[in-house]
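Contents: one structure, followed by commentary.
The values are calculated or read from the model by the stated rules, or taken from the named source; none is laboratory data. What you see is a predicted model; the values in this text were computed from it and never measured. In this analysis, Cβ positions are derived from the backbone assuming ideal geometry, glycine residues included, and neighbour counts consider all displayed protein chains.
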Amino acid sequence: MIGGFFLMKGFVIKESLKDESLLNEIKIKKTETWKVEDVAKNVPKVWTALTFEALDKNSSKLAEHISNTIHPSFYVNFNTEEEQFIIFANKIFRYPRGDMEMRAQAQDYGSQIGIPKMQLEWNP
C-alpha cells in the first residue's frame, strides 16, 4: 500500500503498443527479451516483456488507455488486490480475481481474434 492505495501489478509486451506514452504511467519492475515462435500474423518474433506496477486508483483509466493503444494481435493483463483486467484493442474484461467463467470468456475472445492459445494464459 502506498499513500492509502494498493498497487496493481501487470505485464505488457512493449511491441504491442502503438503509442508508448503508457510507459510514463507505470513503473517498470522487470524487463526481459523473448524470442517467440508461435505468434499471430504481423507480430514481431522478438518481444520486450515488461512487468509493471501502478496505483490501483488508476486502474480504470489505465485499462482504457491500453485498450486504445494496443495492437489488435496482443492483450495486456494486470490485477489489483480484488480484480483482474484483461485488455484487448477496444475490449476490456474486468472481473473478480478467481472468476474462472470470465477468464474463459476473455480467453475465448482472444482466440477468436487470432491470439495463439498458448499465449492466453495468465494467473487467475
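Points worth noting:
- Identity of the residue in the range 39-52, part of a strand (DSSP E or B) and either more than 23 Å from Leu120 (Cβ to Cβ) or among the polar types (S, T, N, Q) (or both), that ends up farthest from the chain's Cα centre (by Cα): Thr48
- Residues of the range 17-39 that turn out to be surrounded by 12 or more Cβ atoms within 10 Å (Cβ to Cβ) and more than 23 Å from Ser60 (Cα to Cα), as a count: 2
- Looking across the range 1-38, the residues that are at pLDDT below 90 and over 16 Å from the mean Cα position of the chain (by Cα) come down to Met1, Ile2, Gly3, Gly4, Phe5, Phe6, Val36, Glu37, Asp38.
- Failed criterion for Thr48 (all others in (1) surrounded by 18 or more Cβ atoms within 10 Å (Cβ to Cβ); (2) closer than 24 Å to Ser21 by Cα hold): (1)
- The residues listed here are Ile66, Ile87, Ile28; of these, the one that is in a helix (DSSP H, G or I) and of a type in the set (Val, Ile, Thr) is Ile66.
- Inside the range 18-51, residues that are touching a Leu at 6+ places or on another chain (Cβ under 7 Å) and without any contact (Cβ under 8 Å) to a residue 40 or more places away in the chain make up a count of 2.
- Hey, Phe93 touching a residue at least 40 places away in the same chain (Cβ under 8 Å) and either surrounded by 13 or more Cβ atoms within 10 Å (Cβ to Cβ) or assigned to a strand (DSSP E or B) (or both) or not: no
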